[in-house]
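One structure below.
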Amino acid sequence: MTQPIYTEIAASISELKKNPMAAVSAGEGFPIVVLNRNKPAFYCVPADVYEAMLDRLDDQELARLVESRRSERSIPVSLNEL
């Protein structure tokens, strides 16, 4: 059964074990897929890409929260009351 691969750069487990930083560098800042017996085992993403992904997920969760509370009744509060 074939599986989609979501990156342009692939590395084998052997290549990753031999020189992890070279494998990651081959992606030139983009994620790479690590293959085990020609099947995707996992994706390796640079730290800044991973952090950006987490930020976007957090933003999406906050947007859902805001949307779910949009219909709630608001309560006026002055800054002096805080």
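Considering the conditions (1) within 21 Å of the chain's Cα centre (by Cα); (2) surrounded by fewer than 12 Cβ atoms within 10 Å (Cβ to Cβ); (3) among the hydroxyl-bearing types (Ser, Thr, Tyr), TYR50 is excluded by exactly one of them, (2).
Residue count for segment 4-35, restricted to those that are surrounded by fewer than 10 Cβ atoms within 10 Å (Cβ to Cβ) and in contact with a strand residue (DSSP E or B) (Cβ under 8 Å, 6 or more places away or on another chain): 1. Of the residues that make up segment 62-72, is at least one among the charged types (D, E, K, R), over 19 Å from the mean Cα position of the chain (by Cα) and surrounded by 10 or more Cβ atoms within 10 Å (Cβ to Cβ)? No; the residues of segment 62-72 include none that is among the charged types (D, E, K, R), over 19 Å from the mean Cα position of the chain (by Cα) and surrounded by 10 or more Cβ atoms within 10 Å (Cβ to Cβ). With ALA11, ALA41, ALA47 as the choices, which residue is small (Gly, Ala, Ser) and free of Cβ contacts under 8 Å to residues at least 24 places away in the same chain? Step by step, each of ALA11, ALA41, ALA47 is checked, and only ALA47 is small (Gly, Ala, Ser) and free of Cβ contacts under 8 Å to residues at least 24 places away in the same chain. The set of residues in segment 36-45 that are touching a strand residue (DSSP E or B) at 6+ places or on another chain (Cβ under 6 Å) and of a type outside the set (A, V, I, L, M) comprises PRO40, PHE42, TYR43, CYS44.
Bear in mind these aren't lab numbers, they're just calculated from the coordinates by the rules spelled out. This structure is a prediction, so every number in the text was calculated from the model and none was measured. Cβ: placed from backbone, ideal geometry, glycine included. Neighbour counts: every protein chain shown.
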